[in-house]
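Trainee: Just dropping this structure here.
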Number of protein chains: 4
Amino acid sequence: MAKLGNNQYGKARVRLSRITRHGDTHDFDEWAVKVLLQGDFADSFTKADNSRILPTDTMKNTVYSLARESKAVTIEQFAMELGDYLLRDNPQVSGASIAIEAKPWHRMTTGAAQDATTFRLGGPEVYTTVAQRDRDGEWAVASGVDGLTILKTTHSEFTGFIQNRHTTLQPSTDRIFGTCATVTWHYDSNVQDFADARKRIIAALLREFTAHHSMSVQHTLFDMGKAALEAAAEIQRITLVMPNLHHLLANLSPFGQDNPNHIFVPIDEPHGYIEATIER
Amino acid sequence: MAKLGNNQYGKARVRLSRITRHGDTHDFDEWAVKVLLQGDFADSFTKADNSRILPTDTMKNTVYSLARESKAVTIEQFAMELGDYLLRDNPQVSGASIAIEAKPWHRMTTGAAQDATTFRLGGPEVYTTVAQRDRDGEWAVASGVDGLTILKTTHSEFTGFIQNRHTTLQPSTDRIFGTCATVTWHYDSNVQDFADARKRIIAALLREFTAHHSMSVQHTLFDMGKAALEAAAEIQRITLVMPNLHHLLANLSPFGQDNPNHIFVPIDEPHGYIEATIER
Amino acid sequence: MAKLGNNQYGKARVRLSRITRHGDTHDFDEWAVKVLLQGDFADSFTKADNSRILPTDTMKNTVYSLARESKAVTIEQFAMELGDYLLRDNPQVSGASIAIEAKPWHRMTTGAAQDATTFRLGGPEVYTTVAQRDRDGEWAVASGVDGLTILKTTHSEFTGFIQNRHTTLQPSTDRIFGTCATVTWHYDSNVQDFADARKRIIAALLREFTAHHSMSVQHTLFDMGKAALEAAAEIQRITLVMPNLHHLLANLSPFGQDNPNHIFVPIDEPHGYIEATIER
Amino acid sequence: MAKLGNNQYGKARVRLSRITRHGDTHDFDEWAVKVLLQGDFADSFTKADNSRILPTDTMKNTVYSLARESKAVTIEQFAMELGDYLLRDNPQVSGASIAIEAKPWHRMTTGAAQDATTFRLGGPEVYTTVAQRDRDGEWAVASGVDGLTILKTTHSEFTGFIQNRHTTLQPSTDRIFGTCATVTWHYDSNVQDFADARKRIIAALLREFTAHHSMSVQHTLFDMGKAALEAAAEIQRITLVMPNLHHLLANLSPFGQDNPNHIFVPIDEPHGYIEATIER
């Protein structure tokens, strides 16, 4: 006999852009929303009974309709508003998880001035949040940044590691350290200003990465996480995933040339993968 | 004070291809391996001490070296072999997680004959496995298929769902049902033949999808999972993620045309997302 | 002074799916259409005068509306129909270029039987066509396949090449030959059956690749093109782009192991790139 | 009889990174090089004779070896150096085309200061060049930027266009104008400073886009091209490809809501496509 286990459903990639007007100056946001609901949906799976199913098309409509009414400035606020609405309106739903990612649109700068209504897409990174709440619980909000791509050309070593029969890597006291970081931090329940916290956390991560003399990816990752915790009292813990984007020293010896950390071969694969949570 | 929480590290996208010779007939495999290790790595994070760190470069070398010696036919066998080796050789490691995905290379067919040494890449799908073991535990093996892209042009309905102020979707008794399924099944501890189980499971999933008269994605998902459980006694449970790849009926009424389920607008986003585990 | 040079505009990624009914058996097509128009559009660029501009949104509507009326079975026929319509209806347009790519949906096979209304997405390849016509000219139709991914585990050599101070490659009499081919063939003006020609051409390409004893990518490419020309009298010339998807022999000598063409490292980059047109 | 037509071959995605030291301050470049050679290669295609074939593996080695010796600061200089070397060293080669794209690594800024050896990947755009020379000719250099993603929330209209039976688009005097521009400019033969020209051209493009009151994509495209020509006397012509990244006004009327240019649905497909060359 087959029976239904854990399940959830919803709508992904509900894309939304928004102009917020402050006189002649506009804010511009571009978000992709993912709604996932948990609840009493068993009959749809096992009895072909859709009477407790809110169509995912309706979830999509709800996103746009709520966005029109919402005063939310941040993706965190909007995620919780949307989840609250869906929980309130749907007794069959026991839990809601709302994930939003925002594109890094920056105000256009020409010369010294920032333009009021023109924007340019910044780095490869996106800003993220996932807000989860059970019907009788509180919101758990984890925000972050995906694809933050940063690199040090020096002040990075890797020595003293295990040697075995499969070792070919040479210890190095000066190597390129590049990563495309995915970072997620978990907020306490009472946060005053998500935008300000995000700003402080990302600034702390970048500042620490820049200043760090790295003895390993692990070493730098930990100190970046620590710096973020120090910069934002409103977060409890932070998880960093830092794949190592390798730049291998090009082997020019077949051509009778030296290569004193000058020319490298960047590779996307394989790549080292280091993941850790730093807590208070 | 900051302290280290959960952490793991390893090497991802270790790509490997292999020719296995049976006289003049060759088998060809192309895999991407991801190694993740858990263990006593705290000093590398907090004390810049790498003495318990097996470099990810060495993990990569180990993959290729073991592959040369291995008799493993399936990704499941090789994942466990590799994990066993890393656990045996590294006392500082407490757990290993090995994920492998295989590309769907099929033997080339020209006319009626299959060629012995020529191959063609099949569908968009890849075959997957993740094997996890703690030092004192047993292997937990979950295998699957990602990106299995299938579609029914009829025998798919969606009616009887909740109506509210945000509803615009019309009930339908005949709609296109397309999905790009990600399926993962969890094996019991004693599996004789992973390749045969995989074959039976995928065949059961496709057979059920084909035969099904669908009242919702949930309805079809459940019956597909049930069919897989019936086809493979060696699995305990199966998780299916079935995003709904929508094909919207094109609105031709502005041009004075009808559209009796003839012309559609396929969209990738937004998309419905349905996920469930089916258990015995 | 700045002046306007060559220009064209249109709509890309107009996605369209279609069910064609033969009693209870359905055909299913999924296409992406790109419309590009050339003509007298200078005033829109230099005088902000849009009076000769057919909006790209209207082109999109035209695609769906024509698809409803069309009897076209192939992407080639539909491309010409659409272009003819746009040229006839728009005197300001001097030329039209219609590109269509089709996804490789195949009828689902379960057991021995093909299902009448269920489909499965095949290989990574897409089928393509570009039809171009000037107002007073004839249609030039070039069709093809992109992403045809094929591989030989043997019967591939590469020897006798130039040696110089930057040479490190060893000659090989047995290497893996993998490619992801993009092929384009140019039709004569009177083609009876585009679907049949496409079928014959792809079969000839695959047959030749399979049977070939390759002395270089160039060598195999030429013979594949020749085979296609022989298989389809209705084509004048064929262009093949065959990047070399390298599988490098893994170097296991640091581990004291041999590697008799057994274990390889597949890489996506860098890759050899060979392109040639074969003519009658 | 089949005969060989146009052909070329080479190596693509030769990835290269470089640290250039100015005391303790480093410059960092990351490039992907594509080498294509034209010449007398017919015998490799038709006679399996590789004696005039420089292996693509050797081209790759040449890129790294030359990079070590090169004083080139820009991708344009390095492209010509590499092409000159290959033409000089290979009498069988009649023409060389070298394409390079550079990632937008920017010096890390923390607080007010720029760090000397830390970098951050900027926008989605990449910087490009293609240098082409025949043995007895001069270099033709076309440089550009791909993926420059910019958006205006107002000062964009689209009215006065053709109306026909397939028109559903409403004229608009205030719409979002977003694009992901690919721009290519063609240099005169004597350029003093490619880096400075690139900087002036991109600044001019962004300045014009920002200041422009747009009556159509065509209108803005032309004025952007004109501004670039005015900013850089060393370019002869410039080609802009500006797909329209549509942000559709969300239809909230089914929910009894208005939508005064507040909430939009951004879509990637279909998209308008406008392409033009602006010349002196």
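Trainee: Taking the stretch D:176-206 on its own, how many of its residues are surrounded by fewer than 19 Cβ atoms within 10 Å (Cβ to Cβ) and either without any contact (Cβ under 8 Å) to a residue 40 or more places away in the chain or closer than 26 Å to D:Thr159 by Cβ (or both)?
Mentor: Here the count works out to 5.
Trainee: Would you say C:Ile19 is modelled with pLDDT of 95 or more, under 32 Å from the mean Cα position of the chain (by Cα), part of a loop (DSSP other than H, G, I, E, B) and of a type outside the set (S, T, N, Q)?
Mentor: Details: modelled with pLDDT of 95 or more: yes; under 32 Å from the mean Cα position of the chain (by Cα): yes; part of a loop (DSSP other than H, G, I, E, B): no; of a type outside the set (S, T, N, Q): yes.
In short, no.
Trainee: So, of the residues in the stretch D:207-218 that are assigned to a helix (DSSP H, G or I) and open to solvent by 30 Å² or more (accessible area, probe 1.4 Å), which turns out to be farthest from the other protein chains (Cβ to nearest Cβ)?
Mentor: First, pick out the residues of the stretch D:207-218 that are assigned to a helix (DSSP H, G or I): D:207-211, D:217-218.
Those still in the list that are open to solvent by 30 Å² or more (accessible area, probe 1.4 Å) too: D:207-208, D:211.
Numbers: D:Arg207: 5, D:Glu208: 9, D:Ala211: 8 Å.
Taking the candidates together, the pick is D:Glu208.
Trainee: Given (1) farther than 29 Å from B:Phe222 by Cα; (2) free of Cβ contacts under 8 Å to residues at least 24 places away in the same chain, where does A:Trp31 come up short, assuming only one miss?
Mentor: Among (1) farther than 29 Å from B:Phe222 by Cα; (2) free of Cβ contacts under 8 Å to residues at least 24 places away in the same chain, the lone unmet condition for A:Trp31 is (2).
Trainee: Looking at C:Leu229, C:Leu221, which is the one that is among the aliphatic types (A, V, I, L, M), open to solvent by less than 30 Å² (accessible area, probe 1.4 Å) and within 23 Å of B:Ala116 (Cβ to Cβ)? Walk me through it before giving the result.
Mentor: Details: C:Leu229 fails: within 23 Å of B:Ala116 (Cβ to Cβ).
When all the criteria are applied, what remains is C:Leu221.
Trainee: Considering only residues of the stretch C:58-74 that are open to solvent by less than 10 Å² (accessible area, probe 1.4 Å) and more than 10 Å from chain D (Cβ to nearest Cβ), which is farthest from D:Thr167 (Cα to Cα)? Talk me through it step by step, then tell me what you get.
Mentor: The initial filter retains those residues of the stretch C:58-74 that are open to solvent by less than 10 Å² (accessible area, probe 1.4 Å), namely C:58-59, C:62-63, C:65, C:67, C:72.
Among the residues that remain, those that are also more than 10 Å from chain D (Cβ to nearest Cβ) are: C:67, C:72.
Values: C:Ala67: 16, C:Ala72: 23 Å.
Top of the filtered list is C:Ala72.
Trainee: Mind counting the residues in the stretch B:1-20 that are within 10 Å of C:Thr153 (Cα to Cα) and among the basic types (Lys, Arg)?
Mentor: Qualifying residue count for the region: 1.
Trainee: Related question: Out of (1) surrounded by fewer than 20 Cβ atoms within 10 Å (Cβ to Cβ); (2) in a strand (DSSP E or B), what's the single condition that is false for B:Thr167?
Mentor: Status for B:Thr167: all satisfied but (2).
Trainee: Does A:Gly123 fit the bill of being free of Cβ contacts under 8 Å to residues at least 40 places away in the same chain and out of contact with any Lys or Arg (no Cβ under 9 Å at 6 or more places or on another chain)?
Mentor: Numbers: free of Cβ contacts under 8 Å to residues at least 40 places away in the same chain: yes; out of contact with any Lys or Arg (no Cβ under 9 Å at 6 or more places or on another chain): no.
For A:Gly123, the condition - free of Cβ contacts under 8 Å to residues at least 40 places away in the same chain and out of contact with any Lys or Arg (no Cβ under 9 Å at 6 or more places or on another chain) - is not met.
Trainee: Then there's this: Which of the numbered conditions does B:Arg88 fail, given that it passes all the others? Conditions: (1) in contact with a strand residue (DSSP E or B) (Cβ under 9 Å, 6 or more places away or on another chain); (2) farther than 21 Å from C:Asn251 by Cβ.
Mentor: So the condition that B:Arg88 fails would be (1).
Trainee: Could you list all residues from the stretch D:127-150 that are crowded, with 18+ Cβ neighbours inside 10 Å, within 14 Å of chain A (Cβ to nearest Cβ) and not polar (S, T, N, Q)? I'd like the intermediate steps shown before the answer.
Mentor: From the stretch D:127-150, those crowded, with 18+ Cβ neighbours inside 10 Å are D:127-133, D:139, D:141-145, D:148-150; that's our starting set.
From what's left, within 14 Å of chain A (Cβ to nearest Cβ): D:145, D:148-150.
Selection gives D:Val145, D:Leu148, D:Ile150.
Trainee: What is the number of the single condition among (1) out of contact with any Lys or Arg (no Cβ under 8 Å at 6 or more places or on another chain); (2) surrounded by 19 or more Cβ atoms within 10 Å (Cβ to Cβ) that C:Ala96 does not meet?
Mentor: (1)
Trainee: Please count how many residues of the stretch A:37-47 are open to solvent by 20 Å² or more (accessible area, probe 1.4 Å) and aliphatic (A, V, I, L, M). Working first, answer last.
Mentor: Quick first cut of the stretch A:37-47, residues open to solvent by 20 Å² or more (accessible area, probe 1.4 Å) only: A:38-40, A:42-43, A:46-47.
From the residues that got through so far, the ones that are aliphatic (A, V, I, L, M) too are A:42.
Residues flagged as open to solvent by 20 Å² or more (accessible area, probe 1.4 Å) and aliphatic (A, V, I, L, M) within the stretch A:37-47 amount to 1.
Trainee: Follow-up question, since we're still on this one. Working only within the stretch A:170-185, note down all residues that are more than 26 Å from the chain's Cα centre (by Cα) and either outside any strand (DSSP E or B) or at pLDDT below 95 (or both). It would help to see each step written out before you state the result.
Mentor: We begin by selecting, within the stretch A:170-185, every residue more than 26 Å from the chain's Cα centre (by Cα); these are A:170-175.
Scanning the stretch A:170-185 gives A:Gln170, A:Pro171, A:Thr173, A:Asp174, A:Arg175.
Trainee: Identify, from the list B:Val126, B:Val63, B:Val93, the residue that is more than 30 Å from B:Ala2 (Cα to Cα), modelled with pLDDT of 95 or more, among the β-branched types (Val, Ile, Thr) and touching a Gly at 6+ places or on another chain (Cβ under 9 Å). Show your work before the answer.
Mentor: On the way: B:Val63 fails: touching a Gly at 6+ places or on another chain (Cβ under 9 Å); B:Val93 fails: more than 30 Å from B:Ala2 (Cα to Cα).
Testing whether each residue is more than 30 Å from B:Ala2 (Cα to Cα), modelled with pLDDT of 95 or more, among the β-branched types (Val, Ile, Thr) and touching a Gly at 6+ places or on another chain (Cβ under 9 Å) leaves just B:Val126.
Trainee: If you take the residues in the stretch A:236-268 that are of a type outside the set (Phe, Trp, Tyr), in contact with a His (Cβ under 6 Å, 6 or more places away or on another chain) and open to solvent by less than 30 Å² (accessible area, probe 1.4 Å), which one is farthest from D:Ser17 (Cα to Cα)?
Mentor: A:Pro243
Trainee: While we're here: Being more than 13 Å from chain D (Cβ to nearest Cβ) and buried (at least 21 other Cβ atoms within 10 Å of the Cβ) is the filter here; which residues of the stretch C:151-164 pass it?
Mentor: Passing the criteria: C:Leu151, C:Lys152, C:Thr153.
Trainee: Considering each residue of the stretch D:66-77, count those that are in a loop (DSSP other than H, G, I, E, B) and either in contact (Cβ under 8 Å) with a residue 60 or more places away in the chain or in contact with a Gly (Cβ under 7 Å, 6 or more places away or on another chain) (or both), and give that number.
Mentor: 2
Trainee: So B:Arg133 clears everything in (1) farther than 30 Å from B:His246 by Cα; (2) without any contact (Cβ under 8 Å) to a residue 24 or more places away in the chain except one condition, right? Which one?
Mentor: Unmet condition: (2).
Trainee: Residues in the stretch A:207-221 that are in contact (Cβ under 8 Å) with a residue 40 or more places away in the chain and more than 24 Å from A:Gly123 (Cβ to Cβ): how many?
Mentor: 4
Trainee: OK, next. Show the residue pairs meeting these rules: Cβ distance below 7 Å; 6+ apart or different chains; first residue within the stretch B:78-105 and without any contact (Cβ under 8 Å) to a residue 24 or more places away in the chain and closer than 15 Å to B:Ser143 by Cβ; second residue assigned to a loop (DSSP other than H, G, I, E, B) and open to solvent by less than 50 Å² (accessible area, probe 1.4 Å).
Mentor: Pairs that qualify, where the first residue is without any contact (Cβ under 8 Å) to a residue 24 or more places away in the chain and closer than 15 Å to B:Ser143 by Cβ and the partner is assigned to a loop (DSSP other than H, G, I, E, B) and open to solvent by less than 50 Å² (accessible area, probe 1.4 Å), are B:Pro104/B:Gly122; B:Pro104/B:Gly123; B:Pro104/B:Glu125.
Trainee: Let me ask something else. Let me spell it out: the conditions are (1) closer than 23 Å to D:Asp27 by Cβ; (2) open to solvent by 10 Å² or more (accessible area, probe 1.4 Å); (3) in contact (Cβ under 8 Å) with a residue 24 or more places away in the chain, and D:Thr110 meets all of them except one. Which number is the exception?
Mentor: (3)
Trainee: If you check C:Glu275 against the conditions, is it closer than 24 Å to D:Ala12 by Cα, in a loop (DSSP other than H, G, I, E, B) and facing chain D (nearest Cβ under 8 Å)?
Mentor: Values: closer than 24 Å to D:Ala12 by Cα: yes; in a loop (DSSP other than H, G, I, E, B): no; facing chain D (nearest Cβ under 8 Å): yes.
No.
Trainee: Within the group C:Asn50, C:Asn6, which residue is out of contact with any Leu (no Cβ under 6 Å at 6 or more places or on another chain), part of a strand (DSSP E or B) and either open to solvent by less than 20 Å² (accessible area, probe 1.4 Å) or under 29 Å from D:Val217 (Cα atoms) (or both)? Even if it seems obvious, please write down each step before you answer.
Mentor: Values: C:Asn50 fails: part of a strand (DSSP E or B).
Answer to the check: C:Asn6.
Trainee: Looking at the stretch B:80-93 only, could you name the residues that are in a helix (DSSP H, G or I), open to solvent by 10 Å² or more (accessible area, probe 1.4 Å) and within 14 Å of chain A (Cβ to nearest Cβ)? Walk me through it before giving the result.
Mentor: Of the residues in the stretch B:80-93, the ones in a helix (DSSP H, G or I) are B:80-89.
Those left that are additionally open to solvent by 10 Å² or more (accessible area, probe 1.4 Å): B:80-81, B:84-85, B:88-89.
Residues satisfying the conditions are B:Tyr85, B:Arg88, B:Asp89.
Trainee: Which of the residues belonging to the stretch D:9-35 are within 9 Å of chain C (Cβ to nearest Cβ) and open to solvent by 20 Å² or more (accessible area, probe 1.4 Å)?
Mentor: If we filter the stretch D:9-35 for residues that are within 9 Å of chain C (Cβ to nearest Cβ), which is where we start, we get D:9-15, D:32-35.
Answer for the stretch D:9-35, where residues must be within 9 Å of chain C (Cβ to nearest Cβ) and open to solvent by 20 Å² or more (accessible area, probe 1.4 Å): D:Arg13, D:Lys34.
Trainee: Now for a separate question. All but one of (1) charged (D, E, K, R); (2) under 30 Å from A:Thr149 (Cα atoms); (3) touching a Ser or Thr at 6+ places or on another chain (Cβ under 9 Å) hold for D:Glu138; which doesn't?
Mentor: Of (1) charged (D, E, K, R); (2) under 30 Å from A:Thr149 (Cα atoms); (3) touching a Ser or Thr at 6+ places or on another chain (Cβ under 9 Å), only one is false for D:Glu138: (2).
The values are calculated or read from the model by the stated rules, or taken from the named source; none is laboratory data. Note that this is a predicted model, so its numbers are computed, not measured. Positions of Cβ are generated from backbone atoms using ideal geometry, with glycine treated the same way; all protein chains shown enter the neighbour counts. Protein only, heavy atoms only, side chains kept; ligands, DNA and RNA dropped before computing areas. Shrake-Rupley method; radii C 1.70, N 1.55, O 1.52, S 1.80 Å.
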